[in-house]
Each structure stands twice: as C-alpha cells, then as structure tokens.
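Remarks on the structure that follows.
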Amino acid sequence: MKPILLWSDALILLLLATLAALLWLARHNEALRDPWRQVMRGRVGRVTALILSLYISIGLLDSAHYVERLPAAPGQPAQYGGEVRSALDGLLTPIRVSVEKTYSAPLAARLYAKESVMGPDGVERRDYPQLKHPGAHLFGTDKVGQDVLYLSLKSIRTGLLIGSLTTLVMLPFALGLGIAAGYFGGRVDDVIQYLYTTLNSIPGVLLIAAAVLVVQVQIEAHAELFNTAAARSDVRLLALCGILGVTGWTGLARLLRAEALKLRELEFVLAARAFGVGHGRILLRHLLPNVMHLVLITVVLDFSGLVLAEAVLSYVGVGVDPGMISFGNMINGARLELAREPVVWWQLAAAFVFMFVLVLAANLFADQVRDALDPKSRGRT
Amino acid sequence: MSVSHGRPKEREHPLGGTARSAKGALMGGLVVENLRIEIPVAGRTLVPVDGVSFRVETNECVALLGESGCGKSMTALALMRLLPEGARIAKGSVKLGTPAEELFTLPEAAMGKVRGGRLAMIFQEPQTSLNPVMTVAGQIAEALAAHLGLRGAAAQAEAVRLLEAVGLTRGHLTAYPFQLSGGQRQRALIAMMLAGEPEVLIADEPTTALDVTVQAQILELLRGLQRQRGMGLLLITHDLDVASDMADRVAVMYAGQIVEWASRDQIYTTPRHPYTQRLFAVLPRLERRGQRLDSLPGRVPPPDSVFTGCRFAPRCAAAFSRCHEEIPAFHEAAPGHFARCHLAASPAWQAASPDSQVANPIFTSRGSPLAARATILEVRNLAVHFPIRRGLFRRAVGSFKAVDGVSLSLHAGETLALVGESGCGKSTLARAILRLIEPTGGSVAVAGEALAGLSGEALRRKRAEMQIVFQDPYASLNPRMRIGDILEEGMAALLPLAAAPRRARVKALLDQVGLPLDAASRYPHEFSGGQRQRVAIARALAVRPKLLILDEPTSALDVSVQAQILDLLAELQVAHGLAYLFITHNLPVVGYLAQRVAVMRAGRIVEEGPVEQILTAPRHEYTRLLLDSAPGGGITARHKRCM
C-alpha cells in the first residue's frame, strides 16, 4: 500500500505537532498542569475526556489515508487502486464490506423491503428476503445497503474537522479583532465594527454558496492537482471550513468587544499601563485570560452549531461533497427516509446518537475545564 | 425611660435600654428576638447571624453598627423576609407595631402588605434600587396603589406631597432615574418608601455611595422625616461618625452577634466591649498625627466557625483564660448598657489601649524641613479637556474641562492630600500626571524632568519613578494572575533584573507589606480586601518609585483594615522617603496622614495649605461646606473639643 496525504490530513498533522510541542514545553509547568489534573480528578471530567478521546482517535485513524496496491504481474510497475482508504476503513473491513441490497432495520435478519424470492418449494413469492449478514448491522443499513454504524463512524472525522478547523480559522479573527476593538476603542473600534456589521448584513448562506461555487470552479480548472475523488471532496471540505470560519467570527467578536470594553477600565489594566507595559502584552496577559471563559463556552456551543450547519448546507447543496460521508449528508438523506412508508428511522437515529454524545461530552468537558481554569472556583467540587 | 435593675443578667433579656416601659407594656415599633440565620453549604452550616435581639421604638433611630461581614445586612434582609436563596431563618421572632404582630409566621401574601407598607427599606446603591425604565411618578404610584389603594389624581397629589417631603419638586415626577443625581435618586427612593407610611424604616447603608455633602443632606432628611412622622429608623452603617450623628441607641455587631447595646452617649463615652473600644482606637484623626493607629489584629471569624468562648477573644488584648472557655452572656453591665464581655462591668482592661498608642510612635521626628528637600512632583497649569462630539461627523462642539489649570508641588517624604467630591476631576488629575491620559495643556515634572514630550524608553524609565495605588482592591488585581506574577510584572517592564533577583525582590516586598511569603504562588481571590490592598502597594513599590499616587486607597476598606493600611503607608514613607499624593474624600484620614491639603472642585484647586490650617481655619466656603458636612460633627468641632 502507499500512504496518501490529503490536505486536511496535513493540517491535522500540523495541529497534532503543535499540540505535542506545547505539551512538551509545558510539561514542567505546575501552574499549567494543575487545572488539567483537577479536570481529570472529577468523574464527569474523566468520563467526558474518555468519550472525547474515543471520538478523536476514531477521527485520527480515519485520517491515515492510503491506496491499496493492486496485485500486479511480476516485472510490471506497481499498480494502485483508485479508492483512497483510511486506517479506520482497514479496521472496519468486516462491516464495510458486508453490504446488503438496500434498507434493513437494526439487527434485523431480513431486508426491509419485499422482493420476489424463490421459496424452497420452487414457488416465487413476494417476501422479505434473508440478509446476507443477518444480525450484523447494529444500526441497520441505508438505501444502498451500507452499514449505518460504519457511516456514522466515518462521519466523525468530517464533524470533528468542520468543528475544529472552522474554530481554528475563526478564533484569531474573533479574539484579535474583538479584544482590540474593545481595548483600543476610537478609530480601531469603528473600523472593526464596520467590518463585522457589513459581514453580518450579507446573508450567510448566500456568501457560503458563492464561495463554495467559486472553489468548485477552481477545482475543475485545476483538475490535475486533485486527481482522486477523495482529494476533491477534501478540498471542498477545507474550503467550507474556511468560509464558515471567515463569516462565523462576528458573534464571538462582538461578545469579546463588550467584555474588553469593561475590562480595559478596570484598575489592573491601568496599573499595567502605569508600568509602561506594552499594548500587546496587556492584551495577552490581562485581557485574554479574563475572556477565556467566554471563548470556551462560545466555541463549544458553536462546535455543535457547525456540525448542524454542515447538515443545513448539504441540504441546500453547498455543503460537503455529496459523496463524502458526513452527519450532514446522513441527516439530509433521512429527510426522504422519514417521508417514505414504512418509515426508515435508524439512519437519523444513528446520526443523532453520535452527534448528541459528542456535543454533550464536549459541553460537559468544557464546563469542567472552565471551572478548573478559573482560580475562583478552583478547589470547589 | 427606666430600666428594671433587678432583672437577671442573662441572654433571655437582651432588649434592655428602653425596651419595656416602666409598666411593662410594649411600646410598638420593631422587636427582634434571638434571630438566627443559617446557610447550609455542602454539608456545613454557616451562621451569619446568631442570636441577635434588639428593638427599634417608634420615634427613635437605632444604628446597627459593624464592619463588613458581621451580618448586619443579613439581619435587615431577614426582617423584611427577603433573605437570598439558600439562607433561612432558623430561629427567632420579629414583632411589629401595637398590638404586636409576628412577621415570621405571616403568610407570604400578608407579608407582602407589610413589606414596603408598615416596614420599609432603602438600600445602599441608588443606581440599582430604582427601575431605570420607569419614571419617578410611576414608581411612587406603584407603591401608593399597592399600600394605600390610591389611583389617578389622588395618587398624583400624594406623590407630589411625598416628593416635596423629601426635598424634590413636582418637576421630578416625570423624570427617569438616569436624569437624577445620586442624591436625588436616594431621595426618590425614600419618597417611594414613605408611600406606605411605614412604622419602621430600615436604611441599609443609605449614604455609603454618596458624596459627603450629599450624605449630610440625606442623613438630615432621614432624621427629619423620622422625627416628624414618628417612625422608627433602623440605620445600618459601618461609619461610627454617621451612627453618632444619627442614632438614639446603637447596637454594635461582631461576627453575627450584637456585642454591645446602649444609648448613643453611653457607647461613645464609655464603650464597654473591647471590640467597640478598638473601633474607636483605629479611627484616624488630626489629633493623632504621628501616632501609630491602634491596630485590630486578625480577621473577623468566618461564619462557619465553632466558638467555645467569646467570639472576639482571639483578637482581644484583654482576653484571659475564661474568655476562651466560657461564652460571655449578653448582660447589663451598667444601667441600660448591655455588653457581651466578661469584663464589661469592670474597667480594668480599658486603660491598656491609650498606653499602647503612645508606646508606638510611628514618625516622631521628620529630619530636615520639607522645604529643603528635593521637589519630586511639580505640576503647572495642568489641564485635561474632553471634547464633546455631536452629529454625524462627530465634530467637537465644546469640551468638558475635567481638570482645568491645576498647579501642585510635592517634596520627597511629604504627603499632599487632594480632597474633593466625586466628579471633581481628582482621579483624572492623577491619571494625567502619570500620563495614562494625555493632558491637554500644562506641564508635569517628576524629579525635575518634564514628562511632556517623553516617549519610548525615556518615558518608561520615568514610569518607574511614579506609581499609583487604586481604590478598589478587587478590580486592581488581575484575578487570573498569581500574586508573584503581579508583583513581577512592573519589574519585568521597568527594572533591568534577571529572573532570580526578581523573585528575591518579590519575597522582600511581600515581607515589607506584611504578607506571608507563600502569597506569591496564590491568586488574588484568596485574600481579603486589606491584603489585596497590601499587594497593590507592593506592586507599586516594586519598581522603586519616588512618587506614589494613592487614589482613595482605603475608602473600600473597613476601619480596622484602614488603620493597618494607613500605618503601613506611614511606615513605608519613613523608610523610603516616598512622596505621597493622597487622593481622598475622607477628611479624618487627611488630618491623620497629610502635611498639606489641596481642595479640588470642578477641575480647579480652590484652596491649598497646611493641614492644620485647612481643617481648622478654612478660607474657602467650599472647604467649609466639606468640613461641616463630614459626619460626626465635623473635624472642626472635634478639633475644638480636643483643644
């Protein structure tokens, strides 16, 4: 096999490397380690951290991409398959390949739709045919017979990527512009306010649709750069993250501007200025730590909003690539399944359960982190 | 009023004084007996108020006096049955009026009638106790409709009558709270509370947020209304001078209990509880210049403490073994004078205190005369004008002159007090001197070098010579930084020190301001207000300044803590030859600490001179007004008394 590095994989690696470097630098700093130790002491903190790390490891496994080598004639140059797989696909091979004909209910032994089957007596009748893998599909199968559990697990990477990359794109704008607007006031404030008011007054979906279409045109124009289907949908996903990030910072920025307006009048900021401490340092040491609780809460709430936004945008047709497995596409598909008779509910239910657990764990974990980082609530149980 | 002397001296008779008339019949008013408030928190029970009994007769003013955290506001809220969630009344009774009606057993609907009707309360913060989106008329009409059933023209007429009674006019009826000044808001609130014709009015620190001249007016108004309407007035205050001006009787609270209860004259002439005595001993006065203020060591015990003896024993200079073993009864030590102290009847311990003051002179000789010393600060015609902008293009249509041509000079080792009411520009002046705000005109020179035109490195170097300590110890320390980091911040910015000597200096500074060395690794919220103010002082001292601007450094602190901070400031001045620009509105502190006083009003200095002259023979009428408004009969009167 041959490893493949998609753009998003590269970004994930970069993110991991940065995190590892930060951990390495902070490994002896008691002041930094202490709050995290406190998070891990509580039951809620431990359980949610475990759930999150499960999700993250699934996402990471799903980010190790490769193409398989095809059996080739000896002496010929190696041939590779056109389908990009991930380590997760490798691990999930049993449920990945156990494809049925069409819908089957969770843990069912028979298909969900009647077909003409040949009975043992040789008479043909309409009946629910036997599944190829009876009882093997925990969440049932979808329209084309793919295992829904497999789809859900594959969706995790998309959800995490949209949530985290968009946040990473958004945070510098929100933090930098929001705090700067509140702290400096005057002309700086005017310009920043003008910027986000303008951005807010453009309908978000319209802007996103336009940007995604532009990206699509660019992809077509440079087809040689994106030679696999996986690469194309990957770039589209990144573009979506970027555009969601660039338009999504206004809410948090406004919140931070108001908080910074309040904080800059506080006397500890004045005291720092009386020491001749520079503006950058004041922003970094006095304002930023005092707005972190807002940032944390907003980011976690936004995270669930982003996963949902992906579903909404897929519905409009400007979301992730329709071929990409994501919660959004699952929910989008469920629209028709709910309208059909009898109702197919398990695809929606699976997407719901996986997203619900992720968002709830993230929220609870963020609460614990916020409490641990706040010196006032430290030591309280 | 007479007292039955034969009454057994025990806790069950805590009312004392004029509690019962000679015939034993109740006289109406408000009777509180054995009030106990509990707050269950995580398996423990906090008891912020424990066994409080007192009585407010109709037609008298009772002051409930105590430092912050002693339970006086909790008591007031319990009387109104407005305790915050989680707190509950565990025991006790409150009876109001004749025939006495028990308030704690009333159903909530009936209590709603009493609240704001027969028993009314005004709060400390006039900003937040009025609804900002309702007019004054609307809010008074609400009270009138609820308690007197008045509506329409009758309500309007009554509202005008009430406004006039509190010194406002008909024109204020249609005003919204934001259109009124702090004093006017407090008057409007009083008018609202009078609408229900209360038998007893509870005033919880009604003037703490107000300027001294406004405070005098409001106190006078309250006193006048109380006499005129024959109400009872329960005045909750931390200010000994306010209590002495207002009260007929005084209850002193400490750690959730009343420790002393007597007439005003008895308390102020012969305090019988050591805590009360200490409170007087820590008050700064002009006549106590150069003496160390008596200190009240330690802190008020937290509300979850378990007491085996007297609650004040750990801080009491006169404590002996019995104090730690036996809870002192609240008994009548002298006719009408109740105290919770084993020694209340004998004066043995009372002599100790004055000696200790004389034994601790803090700065007896001052070395060379001030005039011969170096001038640290020279301010010439300093002006700060804020432009008033209007219209689409925000053109400046005028300017607000916050500081308007101020000149000052200050020598090494000298303290210049800058006195004025809020909004007079004194804090703006301080910030302009430090160039935290760019002055519009005039010049500032620190240690002979003009600040104007300095920038970059030169300005930073200059900043090390001048530092500031702020008023609010809760806002002046970054809650997310450890004390050590807070102290190092200035050094890192201004002093060329490596990390190790910086940490050594942090230790030295903590020691200097009397904080434990392990404070460096802790966060500000773990410290009390006084300790935080010590940190703020240490932070300013860290860069070895020559000039320290103290912007109301003690006005957010309790008197006992204020005394500790003033002592510390005096010590540091002697040790380092610091020049202090002491900004305050508190005249007794000025008399105690400053050598010269400048009185500021509307951006200008109206009078300046040596402290003795300003405080005893002021020339400007505004200075006279300030002095006359100061509670406790004013500095002038007190000074004359002691001469």
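The values are calculated or read from the model by the stated rules, or taken from the named source; none is laboratory data. Only a predicted model underlies this, so the values are computations on that prediction, with no experimental measurement involved. Positions of Cβ are generated from backbone atoms using ideal geometry, with glycine treated the same way; all protein chains shown enter the neighbour counts. Ligands, DNA and RNA are excluded from the accessible area calculation, which covers all protein heavy atoms including side chains. Shrake-Rupley method; radii C 1.70, N 1.55, O 1.52, S 1.80 Å.
Per-structure values
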read-out: Dipole magnitude of chain B, debye to nearest 20 (Cβ charges: Lys/Arg +1, Asp/Glu -1, about Cα centre); value: 1020
read-out: Estimated vicinal HN-Hα couplings, Hz - the range B:32-49 in sequence order (Karplus 6.51, -1.76, 1.60; Gly, Pro = x); value: 10, 10, 6, 5, 9, 10, 10, 10, x, 9, 6, x, 9, 10, 8, 10, x, 9
read-out: Per-residue average of Cβ from other chains inside 10 Å of A:263-269; value: 6
read-out: For the range A:142-155, Karplus couplings with θ = phi - 60° (6.51, -1.76, 1.60), whole Hz, Gly/Pro x; value: 9, 4, 9, x, 6, 5, 5, 4, 4, 4, 4, 5, 5, 5
read-out: Ordering of B:460-471, A:269-280, A:81-92 by burial proxy (mean other Cβ atoms within 10 Å per residue, highest first); value: B:460-471, A:269-280, A:81-92
read-out: Amide H contacts under 5 Å for B:Gly51, placed H, 5+ residues apart; value: B:Leu35, B:Arg36, B:Ile37
read-out: Residues in the range B:421-448 reached by a label modelled at B:His620 [backbone nitrogen below 17 Å; 7 Å Cα→Cβ]; value: B:421-430
read-out: Segment A:Met1-A:Tyr80, extension gain: residue separation times 0.36 nm, minus the distance between their alpha carbons; value: 27.7 nm
read-out: Value at 222 nm in deg cm²/dmol, rounded to 500, when DSSP H runs of n ≥ 4 in the protein assembly as shown each add -39,500 (n - 2.57); value: -14000 deg cm²/dmol
read-out: Shielding score for B:467-474, defined as the mean number of other chain Cβ atoms within 10 Å; value: 3
read-out: Percent RCO, i.e. relative contact order, over the range A:1-151, from Cα pairs under 8 Å lying at least 6 residues apart; value: 18
read-out: Efficiency of FRET from Cβ geometry, A:Glu265 and B:Asp241, R₀ 41 Å, rounded to 0.05; value: 0.85
read-out: Shielding by partners - mean other protein chain Cβ count within 10 Å, residues of A:271-284; value: 6
read-out: Counting DSSP beta bridges with both ends in chain B, the antiparallel % (nearest 5); value: 60
read-out: Debye, to nearest 20: dipole size of the protein assembly as shown, +1 on Lys, Arg Cβ, -1 on Asp, Glu Cβ; value: 1200
read-out: Cut-off under 5 Å, modelled amide H: who pairs with B:Val597 long-range; value: B:Ala417, B:Gly609, B:Val611
read-out: Highest average packing first - A:40-47, B:72-79, Cβ atoms within 10 Å; value: B:72-79, A:40-47
read-out: Distance between modelled label sites at B:Ser346 and B:Phe393, nm, 7 Å Cα→Cβ extension; value: 8.6
read-out: Förster-model FRET efficiency, 51 Å R0, B:Ser409 and B:Thr45, C-beta, rounded to 0.05; value: 0.30
read-out: Restraint check, A:Lys114/A:Lys143; B:Lys401/B:Lys462; B:Lys401/B:Lys546; A:Lys114/A:Lys154, Cα-Cα greater than 24 Å; value: B:Lys401/B:Lys462; B:Lys401/B:Lys546; A:Lys114/A:Lys154
read-out: Derived scalar couplings ³J(HN,Hα) [the range B:82-93; Karplus, 6.51 cos²θ - 1.76 cosθ + 1.60; whole Hz; x for Gly, Pro]; value: 10, 4, x, 4, x, 8, 9, 7, 8, 7, x, 9
read-out: Packing-based ranking, highest mean first, of B:477-489, B:184-196 given that Cβ atoms within 10 Å are counted; value: B:184-196, B:477-489
read-out: Solvent-accessible area of B:Ser521 with every protein chain in place, 1.4 Å probe, in Å² to the nearest 10; value: 70
read-out: The protein assembly as shown: antiparallel DSSP beta bridges as a percent of all, rounded to 5; value: 65
read-out: Distance (nanometres) between label positions extended 7 Å along Cα→Cβ at B:Tyr176 and A:Ala229; value: 6.3
read-out: Taking chain A and dividing mean pair separation by its residue count, relative contact order in percent (alpha carbons under 8 Å, at least six apart); value: 19
read-out: Candidate lysines - alpha carbon under 28 Å from B:Lys95, same-chain residues fewer than 8 apart omitted; value: B:Lys9, B:Lys23, B:Lys72, B:Lys113
read-out: FRET E, pair A:Leu338, B:Lys91, Förster distance 56 Å, beta-carbon r, rounded to 0.05; value: 0.35
read-out: Summed buried accessible area for A+B [probe radius 1.4 Å, Å², rounded to 100]; value: 2400
read-out: Other-chain or far-sequence residues with amide H under 5 Å of B:Ala333's (modelled H); value: B:Phe338, B:Ala339
read-out: Sequence of B:Trp261, A:Trp345 from largest to smallest accessible area, 1.4 Å probe; value: A:Trp345, B:Trp261
read-out: Net length gained if the chain between A:Leu206 and A:Asp190 were fully extended (0.36 nm per residue, minus Cα distance); value: 3.2 nm
read-out: Inter-label distance, nm, simple model (7 Å from Cα along the C-beta direction), B:Asp628/A:Ala20; value: 8.0
read-out: Relative contact order of the range A:212-321, pairs being alpha-carbon contacts under 8 Å that are 6 or more residues apart, as %; value: 35
read-out: Chain lengthening between B:Ala458 and B:Tyr474 when straightened (0.36 nm per residue, less Cα-Cα); value: 2.6 nm
